[in-house]
Amino acid sequence: MEYKIPMRIVVVSPPIGVNFALENNGTLVSVTQSTGEDITFDFDALVKPQRNTGVPNFTGAFARGTPSKRFFYVNIGELAGQPDCEWCRRAKIWISTGYPKSLRQEEVTWDMVKEVSENPNKVLMARYMGTDKYGGPSCATTELIDGGWIIADR
């Protein structure tokens, strides 16, 4: 069975004046210059069972990596179409079950996928801090707030 589900990535308190964009097959989507307020990216993903394990496998234009190491990219600064920016970064928003091991986030379950697919008022959401400890944009593997992906209201 395959499900099409609404998803949301929220960049919490990003540095002011820096562009952020969701990456879709190498194309920038929803380019937004930060005002310091949270930035929200909404998109759809397809979810089907991973061939070897049966766990949820997120696919579609926004998904990157392999079925066992799946993530989404948020491009930052130059990579988000801001040529004069001092930052040229990407944040990896992981959704794979159990990977990477350094992240201790809750797994996305089939019950979560089904609930979101059946309720038009729900979305599968991940939030991460947009500013790192040095005041620049967070990048690379990001720690998700709320313990990982959660079901939220649209």
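The values are calculated or read from the model by the stated rules, or taken from the named source; none is laboratory data. All values derive from a computational prediction rather than experimental measurement. Counting neighbours? That spans all protein chains shown, and the Cβs are built from the backbone with ideal geometry, glycine included. With ligands, DNA and RNA removed, areas are computed over all heavy atoms of the protein, side chains included. Shrake-Rupley method; radii C 1.70, N 1.55, O 1.52, S 1.80 Å.
List of remarks:
- Note on the range 50-74: residues that are on the phi > 0 side of the Ramachandran plot and in contact with an Asp or Glu (Cβ under 8 Å, 6 or more places away or on another chain) amount to 1.
- Filter result for the condition that a residue is in contact with a Ser or Thr (Cβ under 7 Å, 6 or more places away or on another chain) and either at negative phi or of a type outside the set (Gly, Ala, Ser) (or both), over Val113, Val18, Val47: Val18
- In the range 73-102, residue least open to solvent (accessible area, probe 1.4 Å) [restricted to those that are of a type outside the set (D, E, K, R), in contact with a helix residue (DSSP H, G or I) (Cβ under 9 Å, 6 or more places away or on another chain) and touching a residue at least 40 places away in the same chain (Cβ under 8 Å)]: Val74
- Glu2 charged (D, E, K, R), open to solvent by 40 Å² or more (accessible area, probe 1.4 Å), over 21 Å from Arg154 (Cα atoms) and at pLDDT below 95: yes
- Tabulated pairs, the range 124-145, first over 20 Å from Gly17 (Cα atoms), second of a type in the set (Gly, Ala, Ser) and modelled with pLDDT under 95, C-beta under 8 angstrom, 6+ apart or interchain: Ala126/Gly148; Thr141/Ser102
- Any hit, the range 94-101, residues being under 20 Å from Pro6 (Cα atoms) and assigned to a strand (DSSP E or B): yes
- Selection count, the range 103-142, where residues are farther than 20 Å from Gln50 by Cα, surrounded by 14 or more Cβ atoms within 10 Å (Cβ to Cβ) and not polar (S, T, N, Q): 13
- Within the range 125-154, restricting attention to residues that are assigned to a strand (DSSP E or B) and among the acidic types (Asp, Glu), the residue that is farthest from Phe41 (Cα to Cα) is Asp146.
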